[in-house]
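Read the structure below first, then the notes.
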Amino acid sequence: MSERTGEITITGDGNQYVTFSLGDEEYGVDILKVQEIIGLTAITRVPYLPDFIKGVINLRGIVVPVVDLRLRFGLEMVDYNDRTCVIIVKLGERITGMIVDAVSEVISIPKEMIDPPPSFGTRIRTDFIEGMGKVDKRLLILLNVERLLTEVELKAIEEIPEVLPAEGVGGTG
């Protein structure tokens, strides 16, 4: 996938997920939603976006908004390092990057090993959790990337121009 992510292994049968970490927690995203995984590159800040939308990167001439999942999930901000990656996914009608602490592996999780998302009542938003994957003694939070952002947040991202102007936008993607 990317030299920045190290060895990515594919194991087992079932639905395949790209797994990654944010702090001590492990998450998974359906591999069919992932376009590529890249190392962290220069990010150009765009005014008036929510704090968790770090800005945009230039990915081969396409302007890609980048969401820091740590900030999106209300986790403590940490310094980026050489394991920090950007997972490029299709979010709504837009290609979007998700900054994660590290990508782990691609695994298959049989449907019978995926439980529904937990219910915390109506005041806590969990609609972006597709399920809880049980792999060995690990519990992975499986994300539905289509629901990571609210409609208002998606609208803000969709208003960012997709193509670079002639003088370019920061980043070396």
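None of the figures in this text is laboratory data; all of them are computed from the coordinates on show. Not measured: the values here are computed from a predicted model. Please note: Cβ atoms are built from the backbone with ideal geometry, for glycine as well, and neighbour counts cover all protein chains shown.
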What FRET efficiency comes out for the pair ARG83/GLU146, r = Cβ-Cβ distance, R0 = 30 Å, nearest 0.05? 0.70
Percent of Cα-Cα pairs per 10 Å bin, from 0 to the last occupied bin, for segment 3-158, please list those. 10, 41, 37, 11, 1
On a 21 Å Cα-Cα criterion, which of the cross-link pairs LYS33/LYS111; LYS54/LYS134; LYS54/LYS155 come out too long? LYS54/LYS134
Listed highest first by mean packing, meaning other Cβ atoms within 10 Å per residue, what order do 140-148, 29-37, 107-115, 71-79 come in? 140-148, 29-37, 107-115, 71-79
Can you work out ³J(HN,Hα) from phi for every residue in segment 46-52, in order, using Karplus 6.51 cos²θ - 1.76 cosθ + 1.60 and θ = phi - 60°, giving whole Hz and x for Gly and Pro? 10, x, 6, 8, x, 4, 6
